[in-house]
Amino acid sequence: MNTNQPITILIAALGGEGGGVLAEWLVELAIRAGHPAQATSIPGVAQRTGATTYYVEIHPQTVEELGGRNPVMSLSPVPGCVDLMAASELLEAVRAIQNGFVSRERTLLLTSSQRTLTTFEKLVPGDGRFDSQRLLEVAASNSRQLATFDVEGTARTAGTVPSAVLFGAIAASGVLPFERSAFEEVIRASGRGVEASLRGFGMAWERCRAALGDAGAVPPAPTPDLVALGHARVVEFQDAAYGELYLQRVARLRAAEQGADPQGRHAGALTREGARFLALWMAFDDVVRVADLKSRSSRFARVRAEAGAKPGDIVRIADHFKPGLAELAGLLPESLAQRLLAIESRRWRNGDPPLAIAVKLRADSLSGFLLLRLMASLRGMRRRGRRYAEEQALIERWLSAVEAAASRGWEHGFELALCARLIKGYGATNERAREDLRHIVEHLSGGDAVDIRRAREAALADEAGTALDLALRQAGAPPRPIRAVPVKWIRHARSRQ
Amino acid sequence: MEVSFSREVEQLRQGAGETFHGEGILAITKALLQSGVAYVGGYQGAPVSHLLDVMVQAGDYMAELGVQVEACSNEASAAAMLGASIHYPLRGAVTWKSVVGTNVAADALSNLASPGVVGGALIVVGEDYGEGASVIQERTHAFAMKSSLLLLDPRPQLPNMVRMVEHGFQLSEACNTPAILQLRVRACHVRGSFECADNRAPAMSRKALRDEPANFDYEKLAHPPATFRQEKLKTDQRLPAARRFIVERGLNEIFAGKREDIGIIVQGGLHNALVRALQQFNLADAFGDAEFPILALNVTYPLVSEQIADFCRGKRAVLVVEEGQPEFIEQEIATVLRRMDVNTAIHGKDLLQMAGEYTVEVIAQGLLKFLVRHAADVSVAGAQDWLAANAMRRKVVAEQLAAPLPPRPPQFCTGCPERPVFSALKLAQQNVGPVHIAADIGCHSFATFEPFGFGHTILGYGMSLASRAGVSPMLKRRALAVMGDGGFWHNGLLTGVESALFNNDDAVLLIMKNGYTSATGTQDIISTPDDETKATAENKHQSLVDRNHTIEDTLKGIGVTWLRTVPSYEVDGMRRTLEEAFTTDVGGLKVIIAEGECQLERQRRVKPWLAGLLKAGKRVVRVKYGVDEDVCSGDHSCIRLSGCPTLTLKDSGDPLKLDPVATVIDGCVGCGLCGENAHAATLCPSFYRVDIVQNPGLGERLLSALRRGIIGMFRKS
């Protein structure tokens, strides 16, 4: 060990995870062993779950060995000069790597294998999550040695906080010249939540030791038979006849694909992915479906487990529903539905909100449960309802467009088939999604495969549709029509009373 | 405020022979007592909040010493408090976050500096500059120069920081000038140790009262014609006295080097970073012994011309390492050398970056250029390789990542009562159209981040309402000003409310009444619910801010007639109230108070309460929200309306569904926003609320068993 260089530790954590306590413990650990140590942090506005870092330096010689000389320690980490990096979250570990702190020559990297998603990743209508596999690869290829395990999960199991877990991992890493017992002594001396902290420390020690010796490649999961799954979903949603309709539609996709790709170079991707989204679309979420899903026994068990209820605890469930005229109309035949919808459009013209009743339904009470079962039993009405007819019409339109597109080239058909991914959400979100799909089918299905892909990705990227309109314009298609909104007159501030 | 600093308070009592271990800002706090400070004031703000927080909590001990501690209503009132040192031999210290707080205090500082002080006056400012800082524009240095205040920038090691507090008071007294002690963010939070001295009770204090006030003395007024003489005194007597003291007491440190042909002048606060940068060139050892001499300026204003000239004389070139822009110190050094005809080459911002934090890497980059030009014999290859490797590493990683990493700014806490207000504002704007939003300082400024993205301007603490005065008359739709209760009392009542009322402005003000100045560490303010209310409230979950009506009474008293108070968790009610305020025919100022107590403070009450109940085997109801994964279709509109940390995504678990579904993870405090939003925005029906009843009563258990029995008969698996 270079006695002229401090041992440097960089910690990346999220506000509220106890990173400050961890830094304090490390300084305490060093001081107890007689080594000069210093820690700094930048809590600032990162206090509220933002990303933050802590930095610790420990001199390898004891105060006694130094004989009165005081080392000058740095207040901030130096790129490429970090011996140990510990991160409670995977993306934050990689952020420190990107900032240049971690080096292949010097840094042992301990990081949680798990992600705490950022708001930016969460709010995307599609899947905006950063690729974790890529993060792990970057972590592995840019550090001297890597150990990953689930820090947050370990803390949860042990009933403690991530700081105690990271402390255990740091002890296990062997970068610091202190015995395990010295670390544990610091926890004991801290006096708060000692038992839980020691439990977390011990589990982390084991997991980190195991992870240090483990290359950790996960074999890819086998692809399930999506057509079979889709068929089962659709039958469960309605009946065998509806399942038959599903299979007929899948057969049309398959025929279209075989025409476009007779050699099967794409391994049936169009059929498989088309069948996936078709099943989800055909099993659309209406009140009947939702009531059915919400009153299953598997659901009650899942809720208990997710809530962390112990045996003997009573669990009460209140479901938040807001059924409106539109949902009701969806179940009724067209003529009846139109009358209800006329009321809605009158209200809308007057600038009134849609008619809907906000209900908190106690799914665990007798009346609430029976009401859910009653709604679930209305399945028979569905086929004659307006929503059913509407969905089938749009499905047919999409399917024919896929067939037509595939006849011009496999990619065209494939990209258009994937556009069924847009269909999701409830109420206004669902309506907008269908409008988007209809617009793409209408204006782009005869165009270039790349344009279709771009439009689909844009539609999944932002809710307002700004990206979609841009993509449409770039493809030479008209942007989505501007929707009419009722005009509201507001008295201007100038005209005083 | 419910955070306990009991351990820190205990440390304040340490005496000679004991060793203090802890944060820089607390070492400074202890040093104030060792220096015999008689009064302390300030306004909270990162990174110096702890100084005042600890002093406030150490009330008993302060009374024992006779020290007066005042939590001031803003920095101006804190600065004005130093007026006590103008006539009386009282040592006083105040603290705030700079440069914002110094801006607020500028009027009082200017008029304090003019007559000067007889008792030492020390202003401890958090120089909030660099990584993790929130206010990185401007330097406190400019204030020191323009008002002729002393500026201390101590080398960031605890013993030296403590020494500079003690010397700071003496220096202030030696030249009758108030002193600013600036601490960078990391220096405030640096964890180290120092050998304590005994605390000194002030000679004149709350316990040792003076019989008579000082005699009337016009010369002590910052009022013409006295000010004309005071201006002369500053330059003719006070600053020269300061310079003498700085040299005599060795406040600035000269670290000798092995060779004398070149040297470095550095702000004290950057000394450690400079040493680490020199180490990259093998030009310094672990103990700071360097190849070249270093002049570390623990006092950065005023500079001592002779000291600078002596250091530079005989050297080929000197590098000035000075953080922030413009380069005040470097310019002054250049003038000094030119006047004294010392022909040493001076470098600084020509080789180092102009703005931004001076990290080790940044200093090393400047050093490299300096050495190449003036010390060609020094081998720079190692450092060059290191810098190149850093740049290469960043480039390679960026390529490997292929996409930029998403940022992770701070956000509203889980269960924060301000989040639902912005959900309501989002919904209201969907109905009435987008409005101009004048934002403010405080937790609510987190609404400027995703998923809200609200706020057109932030002009200053409590200034949102004032900052829309020129905008709203020009827009067809009414503008909205958002303000916290902290900002309201700091400044907003006068600059905003009074001005809007006086001018009969048609304005909408939304006040976040959460009961504390939360963003700075939940300090109490005049509208904080009192301790008795908290102690007697049966349900500790309950928000208690409705028990204090100071804000409402003040607004009514000053003449606000359109005043609505809405519990912040009533999203639909808040949406309607906002829409009404935006569209009503009523002119003038309309104020909406969003009432909901800071969740951090509530949790500090709730946690021990629940733990106690559970320990005693009593009935406890825990609330959590959840999402049915098979009902969620993965469009994430709920997240775009909330952004709660515990409302996140997971794999759908359904091989057919590619997009991740929403999920509520551990940490949910059951605030109810998910349910409120689901109703107010007519989101999907996948949200549910779970009440987990621990230790249920017998009747409850029987009823539950009966229910489950009957339901079991009708269930589908």
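Bear in mind these aren't lab numbers, they're just calculated from the coordinates by the rules spelled out. Since the structure is predicted, the reported quantities are computational estimates derived from the model, not experimental observations. Here the Cβ positions follow ideal geometry from the backbone for every residue, glycine too, while neighbour counts run over all protein chains shown.
Miscellaneous remarks
- Measuring r between the beta carbons of A:Ser400 and A:Arg339 and using R0 = 25 Å, the FRET efficiency lands at 0.20.
- Range of Cα positions in segment A:75-195 per principal axis (Å), largest first: 47, 35, 25
- Once the Cβ-Cβ distance of B:Arg7 and B:Lys607 is raised to the sixth power relative to R0 = 25 Å, the FRET efficiency obtained is 0.85.
- P(r) of segment B:206-261 over all Cα-Cα pairs, binned every 10 Å from zero, in whole percent: 17, 22, 24, 23, 7, 6, 0
- Set of lysines near A:Lys360 by C-alpha distance (under 19 Å), chain-local residues within fewer than 8 positions excluded: A:Lys294, A:Lys322, B:Lys624
- Global size of segment B:619-714 as Cα Rg and Dmax, reported in angstrom: 15.8, 46
- Relative intensity, log₁₀ I(q)/I(0), of chain B from a Debye sum that treats every alpha carbon as a point, q = 0.07, 0.08, 0.09 Å⁻¹: -0.61, -0.78, -0.95
- Using a Förster distance of 60 Å, the FRET efficiency for B:Phe502-A:Ala393 (Cβ separation, nearest 0.05): 0.45
- Globularity ratio of segment B:439-563, using Cα Rg and 2.2 N^0.38 Å: 1.12
- 9 Å beta-carbon shell around B:Val669, net charge (K/R +1, D/E -1): +2
- Isotropic mean projected area of the C-alpha convex hull, the protein assembly as shown (nm²): 52.1
- Here the 3J(HN,Hα) profile of segment B:687-699, calculated from phi with Karplus coefficients 6.51, -1.76 and 1.60 at θ = phi - 60°, is 7, 9, 10, 10, 9, 9, 9, 9, 6, x, x, 5, x Hz, Gly and Pro shown as x.
- Equivalent ellipsoid of segment A:124-211: semi-axes from √(5λ) of the C-alpha gyration tensor, largest first, are 28, 18, 9 Å.
- DSSP assigns beta bridges within the protein assembly as shown; of those with both partners inside it, close to 40 percent run antiparallel.
- Shielding by partners, peptide B:692-698 (average Cβ within 10 angstrom, other chains): 4
- Counting Cα-Cα pairs of segment B:330-374 in 10 Å increments starting at 0 gives whole-percent bin shares of 25, 44, 28, 3.
- Both the radius of gyration and Dmax for chain A are 29.7, 95 Å, in that order, over alpha-carbon atoms.
- Applying the Karplus relation 6.51 cos²θ - 1.76 cosθ + 1.60 with θ = phi - 60° to segment B:422-428 yields 3J(HN,Hα) values of 6, 4, 5, 5, 5, 5, 4 Hz, where x marks Gly and Pro.
- Each other residue within a Cβ distance under 15 Å of B:Ala78 adds +1 if Lys or Arg and -1 if Asp or Glu, for a net charge of -3.
- In this label model, B:Ile526 and B:Glu138 are separated by 2.5 nm, measuring between points 7 Å along each Cα→Cβ vector.
- Shielding of peptide B:577-587 by partners, expressed as the average count of other chain Cβ atoms within 10 Å per residue Cβ, is 2.
- Longest DSSP-loop-exposure-free segment, chymotrypsin sites (Phe, Trp or Tyr not before Pro), chain B, at most 15 other Cβ within 10 Å: B:288-717
- Compared with the direct C-alpha span, the chain from B:Glu231 to B:Lys349 gains 39.3 nm at full extension, assuming 0.36 nm per residue.
- Between B:Glu212 and B:Glu399, the simple spin-label model (points 7 angstrom out along Cα→Cβ) gives 8.3 nm.
- Anisotropy class of segment B:326-433 from Cα gyration tensor, a/c 1.5 cut: oblate
- Taking every residue in B:528-538 and counting other chain Cβ atoms within 10 Å of its Cβ, the average works out to 0.
- Note on B:Val247 and A:Ala232: their simple-model spin labels are 9.0 nm apart, each label 7 Å out from Cα toward Cβ.
- Averaging 1/r across all pairs of distinct Cα atoms in segment B:6-247 and inverting the result yields a Kirkwood radius of 17.8 Å.
- Charge tally in the Cβ shell below 14 Å around B:Gly626, where Lys, Arg are +1 and Asp, Glu are -1, B:Gly626 excluded: +2
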